[in-house]
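Structure first, commentary second.
The values are calculated or read from the model by the stated rules, or taken from the named source; none is laboratory data. The shown structure was predicted, so the numbers you read here are calculated from the model rather than taken from an experiment. A quick note on method: Cβ atoms are made from the backbone with ideal geometry, for glycine too, and the neighbour counts reach across all protein chains shown. Heads up: the accessible areas ignore ligands, DNA and RNA and are worked out on the full protein's heavy atoms, side chains in. Shrake-Rupley method; radii C 1.70, N 1.55, O 1.52, S 1.80 Å.
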Amino acid sequence: GAVVSQHPSRVICKSGTSVKIECRSLDFQATTMFWYRQFPKQSLMLMATSNEGSKATYEQGVEKDKFLINHASLTLSTLTVTSAHPEDSSFYICSAKGRGDEAFFGQGTRLTVV
Amino acid sequence: AQSVAQPEDQVNVAEGNPLTVKCTYSVSGNPYLFWYVQYPNRGLQFLLKYITGDNLVKGSYGFEAEFNKSQTSFHLKKPSALVSDSALYFCAVRDKAAGNKLTFGGGTRVLVKP
C-alpha cells in the first residue's frame, strides 16, 4: 500500500512553545489530508481536514488558531501546535488520501508538553 | 450523521481459535467500510475495505469481513488467531455523500493468548 511518513514520532516540549508535526505522502499525491488526535485507550478524533492549496476545515470544538494546519503541496501537510500546554499532550495521527477509496495513516506523533 | 459502534472493548481468544471483532454502522447513504489495526504507539494499518460487490471481503494477514446490509454490520474475522494479532482494531465508515470524512468506532482490543 501507499506510504505516509509522519515526523517526529516523539517530541517533548516546554509549555508555551510551539511544535510542528509533518505528514508526507511518499509515493502518491494526497489531495486530502486528515489530522486526528487520540487519547489513551480511546478512538481517533478527527481534528481537521485539509485539501491542497486551500484552508483546512476544522471539526467543531477544535481551535484553529491553536492547531495550525498547512497543506502547501500534494505531498506535505503540517500541524503546528501553538503555545502548547500539558493538556495538549496526546498522540497525533495524520492520514492522506489520494484518488483511491482508502486513506493511509502515518506512524503517529507522541507529544508530551512539560 | 454517520456512526460506528464496536460493542466490545476487548476480545480474548486462544491462539488457533477463530477471532471475531464486531462492528455495526449507521449511514444515510451507501457505506464505505474499513478495518484498521493499530499496534502500540503506531499509526493505523489498513486491513480491508468494502466498497461494493461481494459481501465477503478478504484482506491482509488472513483477515476477512462480511458486509451485512440488513443488519448494518461489518464484522472482522480470522479463522485461526495468532499471538501477533494482539492489537487494537478499529472499524470505520465513510458515507460518500458526506465527503471523505472517516468516522471510527471506539476500537476493540484483541488479546490472543498462547
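When the expected Rg is taken as 2.2 N^0.38 Å, what fraction or multiple of it is the alpha-carbon Rg of the stretch B:31-109?
1.09
Gain in length, B:N41 to B:L56, computed as 0.36 nm per residue apart minus the alpha-carbon separation, to one decimal in nm?
2.3 nm
Rank-order B:100-113, A:78-91 by packing density, defined as the average count of other C-beta atoms within 10 Å over each peptide's residues, highest first.
Highest to lowest by the protection proxy: B:100-113, A:78-91.
From other protein chains only, count the Cβ atoms within 10 Å of every residue's Cβ in A:97-106, then give the mean.
Mean inter-chain Cβ contacts per residue within 10 Å come to 5.
Would you mind giving the mean number of other chain beta-carbons within 10 Å of the Cβ of each residue in A:74-83, as a whole number?
0
Kindly compute the accessible surface that chains A and B hide from a 1.4 Å probe when together, both sides summed, and give it to the nearest 100 Å².
Using a 1.4 Å probe on protein heavy atoms, the buried area is about 1600 Å².
Quick one: Karplus J couplings for the stretch A:29-37, per residue in order, coefficients 6.51, -1.76, 1.60, θ = phi - 60°, nearest Hz, x for Gly and Pro?
Working through the residues one at a time gives 8, 9, 6, 9, 10, 10, 10, 10, 10 Hz.
What does the structure give for B:34-47 when I average, per residue, the other chain Cβ atoms found within 10 Å of the residue Cβ?
Whole-number average of other-chain Cβ neighbours for B:34-47 is 5.
Take the Cα pairs of the stretch B:37-77, get the Kirkwood Rh, then feed it into Stokes-Einstein at 20 °C and 1.002 mPa s and tell me D in µm²/s.
It diffuses with D of about 191 µm²/s by this estimate.
In whole percent, what relative contact order does chain A give with Cα contacts below 8 Å and a gap of six or more residues?
The normalised contact order for chain A reaches 37 percent.
Past 26 Å, Cα to Cα: identify those pairs from B:K77/B:K113; A:K41/B:K69; B:K49/B:K101, in the order given.
A:K41/B:K69
Quick one: the Cα spread of the protein assembly as shown along its three principal axes, in angstroms, biggest first?
Principal extents (Cα only, largest first): 50, 39, 32 Å.
Can you give the alpha-carbon Rg of the stretch A:58-114 over 2.2 N^0.38 Å, where N counts its residues?
1.26
Pull up all non-local amide H partners of B:C23: gap of 5 or more, or a different chain, and H-to-H distance under 5 Å with H placed in the peptide plane.
Here the answer is B:F74, B:H75, B:L76, since their amide H atoms fall under 5 Å of that of B:C23.
Given Cα pairs under 8 Å that are at least 6 residues apart, what percent is the relative contact order of the stretch A:53-110?
Answer for the stretch A:53-110 is 22 percent.
Please state the relative contact order of chain B as a whole percent: Cα pairs under 8 Å, 6+ residues apart?
38 percent
Collect residues whose amide H, placed 1.01 Å from N in the peptide plane, falls under 5 Å from the amide H of A:D101; neighbours closer than 5 in sequence don't count.
Distant-sequence amide H within range of A:D101: zero hits.
Hey, what does the equivalent ellipsoid look like for chain A, semi-axes from the Cα gyration tensor as sqrt of 5 times each eigenvalue, largest first, whole Å?
They are 22, 14, 13 Å, listed from largest to smallest.
Please report, in whole Å³, the volume per residue of the convex hull around the C-alpha atoms of the stretch B:7-63.
Dividing the Cα hull volume of the stretch B:7-63 by its residues yields 126 Å³.
Starting at the first residue of the stretch B:21-35, write each ³J(HN,Hα) from the Karplus equation 6.51 cos²θ - 1.76 cosθ + 1.60 with θ = phi - 60°, in whole Hz, x for Gly and Pro.
Those phi angles translate into 10, 8, 8, 10, 9, 9, 9, 7, x, 7, x, 9, 10, 9, 10 Hz.
What cysteines in the protein assembly as shown have no other cysteine with a beta carbon less than 4.7 Å from their beta carbon?
A:C13
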